[in-house]
1. Within the set of pairs 6 or more residues apart or between chains, which connect a residue that is over 21 Å from ALA161 (Cβ atoms) inside region 180-206 to a residue that is charged (D, E, K, R) with Cβ atoms less than 7 Å apart?
2. Identify all residues within region 29-63 that are more than 11 Å from ARG80 (Cβ to Cβ), charged (D, E, K, R) and modelled with pLDDT of 85 or more; write none if there are none.
3. Does region 71-84 contain at least one residue that is of a type outside the set (A, V, I, L, M, F, W, C) and either touching a residue at least 40 places away in the same chain (Cβ under 8 Å) or over 25 Å from GLU23 (Cα atoms) (or both)?
4. Every residue in region 375-405 that is in a helix (DSSP H, G or I) and of a type in the set (A, V, I, L, M), please.
5. Across region 19-46, what is the number of residues that are touching a Lys or Arg at 6+ places or on another chain (Cβ under 8 Å) and of a type outside the set (Ser, Thr, Tyr)?
6. Looking at (1) of a type in the set (Val, Ile, Thr); (2) more than 15 Å from SER310 (Cβ to Cβ); (3) at pLDDT 85 or above, which one does THR327 not meet, given that it meets all the others?
7. Quick one: count up the residues across region 331-363 that are in contact with a strand residue (DSSP E or B) (Cβ under 7 Å, 6 or more places away or on another chain) and either of a type in the set (Gly, Ala, Ser) or surrounded by fewer than 16 Cβ atoms within 10 Å (Cβ to Cβ) (or both).
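The values are calculated or read from the model by the stated rules, or taken from the named source; none is laboratory data. Quick caveat, the model's predicted, so the values are computed rather than measured. With ideal geometry, Cβ positions are generated from the backbone for all residues, glycine too; neighbour counts draw on all protein chains shown.
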Amino acid sequence: MPATLRSLLHRADLHLRLLTGAEAAALDEPLSWLHSSDLEDPTPFLADGQGLLTTGTQFGVDTEVTEAVATDYVARLRHRGVVALGFGTQVVRAGTPAQLVDACAAQGLPLFEVPYETSFIAVAQANADAVARDANARNAWALSAQRAISLAAMRPDGLGATIAELSRQLDGWVGLFDVSGRLDRVHPADGIPPEDLELLRTESLRLLRAGQRASLPVTTEHRTGFTLQTLGSGGHLIGVLAIANGGALDRAGREVVTAVIALAGLALQQNRELARARGLLRTGLLTMLSVGDPAVVDSTSREVWGPLPSEPVRIAAVDVPDQDLDTIVDLLELWVQDRPGHLFFAVDDALFLCVGADDTAVVEELVTRYDLHAGLSDGASYRYFGRARTEAVQALDRRREGRPGITEFGDLAREGVLAHLAHVDVDAGAVARAFLAPLLDHDRSAGTELTRTVREWLAQNCEYDRTAQALGIHRHTARARVEHAGRLLERDLSVFATRADLWAAFVVEGA
């Protein structure tokens, strides 16, 4: 236990007698040193947490100590942070001045009397011995705690075991927040109220977004003190360690926490190196999907992250600044763990996300959180993944022309082919294919010839008789096919602008 005035008072060989503060918590304040001085103002030579011994020479030998002098003297000591005052009797004065006793009682400074037969040096030595014993005990505890924490780090879930062991050693709540602000590891599980946890999460996110290594004391509405300590290097933080009452730790406690910070940082960094390897694997799988080999990709993904999102899927191409890429990838890794079978992502010439056609909320959340530009493809099967990826890139290229947000490729296709010919960065062929897709897909699945009929109809200046003659069919059949095509395209083919767009699509695509 630390050296305190209470421990000195329990030393029967010193014969000390407490005059004020018997019920004060200050009796248990750590007493780092005992200094002796008869100066009227000894505070320049004192420090916080120290005690003072005096014989009262500064009050005069034969004069009575006035209330004002005693009050001012005690006030100076209290302001300096002195935690105890000892008065030596029978040296200058027969007893302790009553005015000094009253002043100490009024200002909450513990006052004890040192009898003539007990030397100041004996009292100071007893305190110094107690300080040394406490320091040795704390050092031994620190070594033992660090050894226990090191052993915990070698367990299967080394990071979780380390957090739990730190909690046991400090006898308090400890939590680890990941880069998304989620409580990743904690011990004990229900150690603090939900509102305190939410405050810690909010403050942790603020530290993570600042991007600099920092330590922050936090006091909750329940008057519980916490210390938040970022993990990782400046510019790339990888988490925040939260410790209840962490700000009250002594040197030994801080050394143990520092060891945990180092171990947690190492564990998270190792996880990051593994994430880099996973990232390379993801990029390779993205390439395989783009060339039409989903079976191998799905079997590989199931072993590592879980199944691919169910068909039909949509591809998002997201423009991410270099300085935010690592943080966003870390966040997406966590989302994949939380939502297996709902998200696949990889980094290539952009950040690509693959989600279910009706499950695009994750794209919206990412774009909103980090203020990003993104393009989103139409729904497609994995057989046409490469086409969907191209659509996403085309939509992203258009989105870059404006504010952050999402542009859907379907919106581009509905604008028509001619609207995109002026955009040199836009692949009009991709837009044309999307424009004609309803006709081409219908012809493939139903064995019809709507595409050929509509193209010939346009080539024959939209005259049904000439179209029928060129195709060798009845003119009513030609009209029915054109009307059916208009319904599939969801366009009014009697409008010149629509016919022009449709003709441009045929020319660009070569259909």
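1. Pairs found: GLY181/ARG201; GLU195/GLU221.
2. Hits for region 29-63 are GLU29, ASP38, GLU40.
3. Restricting attention to region 71-84, the residues satisfying the condition of being of a type outside the set (A, V, I, L, M, F, W, C) are 71-73, 76, 78-81.
Okay, now just the ones that are also either touching a residue at least 40 places away in the same chain (Cβ under 8 Å) or over 25 Å from GLU23 (Cα atoms) (or both), so none.
Checked region 71-84: no residue is of a type outside the set (A, V, I, L, M, F, W, C) and either touching a residue at least 40 places away in the same chain (Cβ under 8 Å) or over 25 Å from GLU23 (Cα atoms) (or both).
4. Let us first name the residues in region 375-405 that are in a helix (DSSP H, G or I), namely 382-399.
Hits for region 375-405 are ALA388, ALA392, VAL393, ALA395, LEU396.
5. The total comes to 4.
6. (3)
7. First pass over region 331-363, keeping only residues in contact with a strand residue (DSSP E or B) (Cβ under 7 Å, 6 or more places away or on another chain): 332, 335-336, 342-346, 350-357, 360, 362-363.
From what's left, either of a type in the set (Gly, Ala, Ser) or surrounded by fewer than 16 Cβ atoms within 10 Å (Cβ to Cβ) (or both): 346, 350, 356-357.
Adding up the residues that qualify gives 4.
Yes/no matrix, rows are residues, columns are (1) surrounded by 18 or more Cβ atoms within 10 Å (Cβ to Cβ); (2) more than 24 Å from GLU391 (Cα to Cα); (3) touching a strand residue (DSSP E or B) at 6+ places or on another chain (Cβ under 7 Å); (4) at pLDDT 90 or above:
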site	(1), (2), (3), (4)
ARG444	no, no, no, yes
ARG452	no, yes, no, yes
GLN460	no, yes, no, no
ARG466	no, yes, no, yes
ILE473	no, yes, no, yes
ALA480	no, yes, no, yes
LEU489	yes, no, no, no
VAL507	no, no, no, no
GLY510	no, no, no, no
